[in-house]
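A quick write-up on the structure given underneath.
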Amino acid sequence: MNDAATPARYDFASAEPRWQHAWEDARCFSVPDVPYGSRPKYYVLEMFPYPSGKIHMGHVRNYTLGDVVARYKRARGFQVLHPMGWDAFGLPAENAARERGVHPAAWTYQNIDTMRAELKRMGLSLEWEREFATCDPSYYGQQQKLFLDFLRAGLVERKESAVNWDPVDHTVLANEQVIDGRGWRSGALVEKKRLSQWFLSITRFAPELLEALDGLDRWPERVKLMQANWIGRSEGARVRFALTEPVAGMEQVEVFTTRPDTLFGMSFLAVAADHPLATAAAGRSPEVAAFITEVRSLGTSEAAIEQAEKRGIDTGLRVAHPFIEGASYPVWIANFVLMEYGTGAIFGCPSGDQRDLDFARKYGLPVPPVILPPGEDPATFAIGDTAYTEDGTLYNSGFLDGLGTAEGKRAAIAALEKIGAGTGVVNWRLRDWGVSRQRYWGCPIPVIHCEACGVVPVPDDQLPVTLPEDVDFSKPGNPLDHHPVWKHVGCPQCGKPAQRETDTFDTFVDSSWYFARFTAPKAGTPLVPAAVNGWLPVDQYIGGIEHAILHLLYSRFFTRALHSMGYVGVAEPFAGLFTQGMVQHASYKARDGRWLAPDEVEVAADGSATDKASGLPVTVSRNDKMSKSKRNTIDPGAIIDQYGADTARWFILSDNPPDRDMEWTAAGVAGASRFSQRLWRLVNGAAATLPPPGTEPAEGAARDLRRATHRTIAAVTEALESFAFNVAVARIHEFANAIEAAGEADGAARREALEAAARLISPMMPHLAEELWSLLRPGAGLVAGLPWLESDAELAKADSVTLAVQVLGKLRSTIEVPVGADEATVFAAAEAEENVQRAIAGRPIRKRIHVPGRIVNFVV
RNA sequence: GCGGACGUGGCGAAACGGUAGACGCAGCAGACUUAAAAUCUGCUUCCCCUCGGGGAGUGCGGGUUCGAAACCCGCCGUCCGCACCA
């Protein structure tokens, strides 16, 4: 059937693997561990994937964006480091082991093989020689060395602490992994449990992690803001209140407040249910004990759900006021006071804090007003159900009377410090990072517990501490813990029987330094100074907004810690950050509630859809996140089979700006495919008839085509520089239109245009670029090895421009004038327009405005 | 509650304070075909019209400016983050 009548088409299926091999053979994307010579370095990195089984469209978008940057920067003369690896430890591998009896390592490495093959089909300019998985002993063994360095540097603590316990996954979660009181993975309600845990001292770096955000000028503002909020700096004071009688050895209770100026408005003191004072009070009163039990059982999550309800109980204890001789206040336990923030205790100033006011009203506590709002009369101002939390003038406040809020704070802190009852402090919301997980499939924490010697680091020559392969997943809990022999070792110090730590690291530890390891991935030390200092920081990091806090903050902390230990020269790992939007797809729900896959429905022109099988209408919901449960995922592999990698890449780039959520549509992919075929036809049809390379003076249509060429080079370059990839795509579309419109104009100009098109698409559609280039310049080598095109400003320049002519700011006409025409000529031409005259309607022109190349405006 | 971002045709979107809607998707009309696919050409913000044009228009209401989608003030809406943070 295929004969001469069938129009020729670009055969991506054979071309794409061919060019992938050509790049590989030419080692186009390899760089040395240490950047060499005078060419500047550029490190492009996309957040490495978790090997879940298959790549999804989010990966395709992420790696396409990174590849455009990598290929573009390479063409701009940079030595580009662009590696890929696998964030390979984690729970799903263990779940697979429990559910299907497959070993986590086998499951993981098999997934990696599958996904590597899929990524390779995308034609990414990656340096695969640097690939590693975090579950390789050669990686996590080096991580164990780093941990021991952290330990020696005093950046690790072992603390008994209340942890977030996930009862479904049987593991501890970081605060960041608790979302609305539920485990981020299992969704189970999180319980509080006390365990001995390893903590990395991220709080020590809180001030610099906050301050350095200002210097990250190529990070999205919102990510910096989210981090700043998470670190949560607040200035205030710690105030010690003496108990009127000691309880369980405690003589005082300390509170944190941001409003020491309102101390005279105190009405009560409240502590968290977990506070030692609460525990002491419980010992003296069954009612108090019962209340604490009740608050605990509700838990933080329930509290969040029913928010508003403030509850408390009077302990019967009292505290003295630091400033008011002889005054004392009741100590309450309140459910809205959190042990995790500040000191777990507050002083209640109902007139100046809404929560305190709600509490005071509920339990009939006094509400002494101390802040007078501007313009209010102290004789008449009263607090109703709304606390006054703004600035004002202090009154009823002894020595603070008459001071404003800021001066009041300073004066109160000075007075507290003078009498030894408190100090001005900065309080941080950030907690230390608990990294212990009661899990098998993670990096073993390299310490040994000895009854005589305590915690003993595993000696260097015994590293790596590798995971045992023979593990039993049939019991709940940590397989390392109930392994028959693995944990039983001799103490490295005294030689007596001791036990290995059976906890493994939070997988966020693994991803906190992988970007540094890529610079020398096979080294026998964690990092090689010349390599890591040569390549870091990552110049462009690209990934999802979901990592705005956790991964990015941990990585910043890790880099600072490594910096403080002399491992790396920089303090910030990521100079530029780009957060991409999600890939979404319409979802289809049948009447009976079943979700239908896209290929099971018939979508009409108006967007409505029917079930192919039954013919019944289905509910269409646009812009749904792709998910297996809604059956609206699109398999990248199938798209590449049908359309090729370039088409998938082109569509993803063309649809919208990369930081916004995009909708995957069949029509959009088809459009991208059409364009790739059109470009190919344009080149394939002309290649044989073009003159050999070389330029000649051009006139008329040829001159216009050369102008379009050089303008397009400039416009695409600018768009690529600013991550406006959708605009770059649009400019290339316009360029294709211009080349077609130029018809048979001049061979040399046409060759120049087609060659430019081939090279300009190369960051986005690299295979097609090579194919076109090989048609235009057989045997001339790879586009991947060519420098970026330069726009010739002379050629891009226009001979004449179209000016808009406005009267009173309203467009009335346009005129064509030579570039550089003098103002008098321009005004004369503009005034001569019939439409302009009609709009002026005989009125005198009061003002003439001319913005050269843009606009003329007459004010009448 | 606090903080932030964003509102432009049927849809995705462009637009140094200077011709709003480039480019694409969808749609309509036509060409080529026995037909379809593929491809190509034209039209496509809304309203009025004497086919020359005219009016309105970037969530709403004001303001600054010769000129505002963009800058300022106030609303409304959507989304995101944090959330009894003392």
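Some notes on this structure:
- The share of C-alpha pairs in the stretch A:66-205 whose separation exceeds 21 Å stands at 64 percent.
- Cα gyration tensor category, rounded, prolate or oblate, for the stretch A:419-502 with a/c compared to 1.5: prolate
- Beta bridges by DSSP in chain A, antiparallel share as percent, to the nearest 5: 80 percent
- Projection of the Cα convex hull of the stretch A:1-126, averaged over all directions and equal to a quarter of that hull's surface, yields 12.0 nm².
- Pairs beyond 32 Å (Cα-Cα), from A:475/A:522; A:120/A:625; A:310/A:418: A:475/A:522; A:310/A:418
- The stretch between residue A:293 and residue A:100, if pulled fully straight at 0.36 nm per residue, gains 65.4 nm over its current Cα-Cα span.
- C-alpha long axis of helix A:286-305 to longest principal axis of chain A, angle in °: 10 degrees
- For q = 0.17, 0.18, 0.25, 0.31 Å⁻¹, Debye-computed log10 I/I(0) when each Cα of the stretch A:227-274 counts as one equal scatterer: -0.67, -0.73, -1.06, -1.22
- If you take the alpha carbon atoms of the stretch A:520-609 and fit the smallest convex hull around them, that volume is 180 Å³ per residue.
- Inter-probe distance in nm under a simple model that places probes 7 Å from Cα toward Cβ, at residue A:453 and residue A:494: 1.0 nm
- Per-selection Kirkwood Rh - the stretch A:552-692 (Cα, Å, 1 d.p.): 18.8 Å
- For chain A, the longest principal axis of the C-alpha atoms and the axis of helix A:405-419 are separated by about 40°.
- With the helix formula -39500 (n - 2.57) applied to DSSP H stretches of n ≥ 4, chain A reaches a computed 222 nm mean residue ellipticity of -11000 deg cm²/dmol.
- Subtracting the Cα-Cα distance of residue A:475 and residue A:687 from their residue separation scaled by 0.36 nm leaves 69.5 nm.
- Cα pair count fraction exceeding 21 Å, expressed as % - the stretch A:684-826: 50 percent
- Rounded if a/c under 1.5, otherwise prolate or oblate - the stretch A:458-604, Cα gyration tensor axes: oblate
- Length added when fully stretched, residue A:822-residue A:338, from 0.36 nm per residue minus Cα-Cα: 166.9 nm
- Angle between chain A longest axis and helix A:91-100 axis [Cα atoms, degrees, rounded to 10]: 90 degrees
- Theoretical FRET efficiency, 1/(1+(r/R0)^6), r = Cβ-Cβ of residue A:670 and residue A:28, R0 41 Å, to 0.05: 0.85
- Over chain A: Kirkwood hydrodynamic radius from C-alpha pairwise inverse distances, Å: 32.5 Å
- Amide H contacts for residue A:81 (H built 1.01 Å from N in the peptide plane; partners 5 or more residues away or on another chain; cut-off under 5 Å): A:42, A:43, A:44.
- Here the accessible area is traced with a 1.4 Å probe on the protein chains. For chain A, carbon and sulfur cover 52 percent of it.
- Partners of residue A:810 within straight-line reach, counting lysines whose Cα lies under 25 Å from its Cα and excluding those fewer than 8 residues away in the same chain: A:847.
- Using Cβ point charges alone (K and R +1, D and E -1), the dipole size of the stretch A:518-594 about the Cα centre works out to roughly 300 debye.
- Among A:347-360, A:785-798, A:383-396, A:517-530, the order from most to least packed when residues are scored by Cβ within 10 Å on average: A:347-360, A:517-530, A:383-396, A:785-798
- At a probe radius of 1.4 angstrom, the accessible area of chain A per residue rounds to 44 square angstrom.
- Peptide ranges A:564-570, A:531-537 listed from the most packed, as the mean C-beta count within 10 angstrom indicates: A:531-537, A:564-570
- The dipole here belongs to chain A: it is taken about the Cα centre, uses +1 on the Cβ of Lys and Arg and -1 on the Cβ of Asp and Glu, and is about 300 debye.
- The alpha-carbon of residue A:192 sits under 19 angstrom from the alpha-carbons of these lysines, leaving out residues fewer than 8 places away in its chain: A:159.
The values are calculated or read from the model by the stated rules, or taken from the named source; none is laboratory data. Just so it is clear, the model here is predicted, and its values are computed rather than measured. Every residue, glycine among them, receives a Cβ derived from its backbone with ideal geometry; neighbour counts consider all protein chains shown. When the accessible area is computed, the model is the full protein with side chains, heavy atoms only, and any ligands, DNA or RNA have been set aside. Shrake-Rupley method; radii C 1.70, N 1.55, O 1.52, S 1.80 Å.
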